[in-house]
Amino acid sequence: MGAAFKKFCVRFCCCCCCEDDDEEEDEKRPLLSHDTLEYFDREAKKRRDQETNLWNEPGDPSHSERDDDRTLYNLLQSRAQTQRGSQGYRRLSIDIEAMRDMRREVRDKWKMILENLGFMAEAESLLTVSATASYDRMRNAAVARSLLQTLHTETSIFSRKESPPERYLFILDRLIYLDAAEDFVAKARRFYPPKDDDDEEEENTSLINLPLLLSRMNQNISGGEDEDDEGETSGPEERL
């Protein structure tokens, strides 16, 4: 509707024409502002990051407080600066996926026990820990930490060569609130009893060597990007 016609309507006609025009303009306006959309996008990326990497210290945005988190984060940063498809990129992807697999394996153990306890529909929600997890919001922090230490020393649900992931502290706090924490520990003792020395040594040989990964990562940074070799088998290429 032209400006001249709009003035004519305002002066000589009823205001319905102008009101209809204003309604059309209101309908074209986005319901959410650009800043709001950016906020939702950032939050969605944080959730995907947590689900993919399963940070052991979820409340640490720098991912530097734990050695294993810091190693994984540095690998991800190095890969982001490496040419996609290069030999160095594939090598970093394999190392990243190996670390993620170890974390998913621990999570799968927890999920199996929760489902065995009857939390078939709730297991995923109980295991979800966001980046905003805060110790101040925990209801039973001391008891949860004691139970986490029990799982670490009296079961094989975690590697005993490393401190237990802090993310499971928040999950235990939820189970305490649901009066299911003691049952969970009992099931963990039954399904994942502690391994003897021989089994522990065998497991240690399959664990990721963090110093080796750091050395390899530094070589990729200092040596630049490696070129593809013809006929080389392509490895997994996970996105950051």
### Task
Report ³J(HN,Hα) in whole Hz for each residue of segment 133-140, in order, from the Karplus equation J = 6.51 cos²θ - 1.76 cosθ + 1.60 where θ = phi - 60°; Gly and Pro get x.
4, 10, 5, 5, 8, 6, 8, 9
### Query
Past the 19 Å Cα-Cα mark, which pairs from LYS111/LYS187; LYS109/LYS195; LYS111/LYS195; LYS161/LYS195?
LYS111/LYS195
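Every number here is computed from the coordinates shown, using simple stated rules; none is lab data. Values in this document were obtained by computation on a predicted structure and should not be read as measured data.
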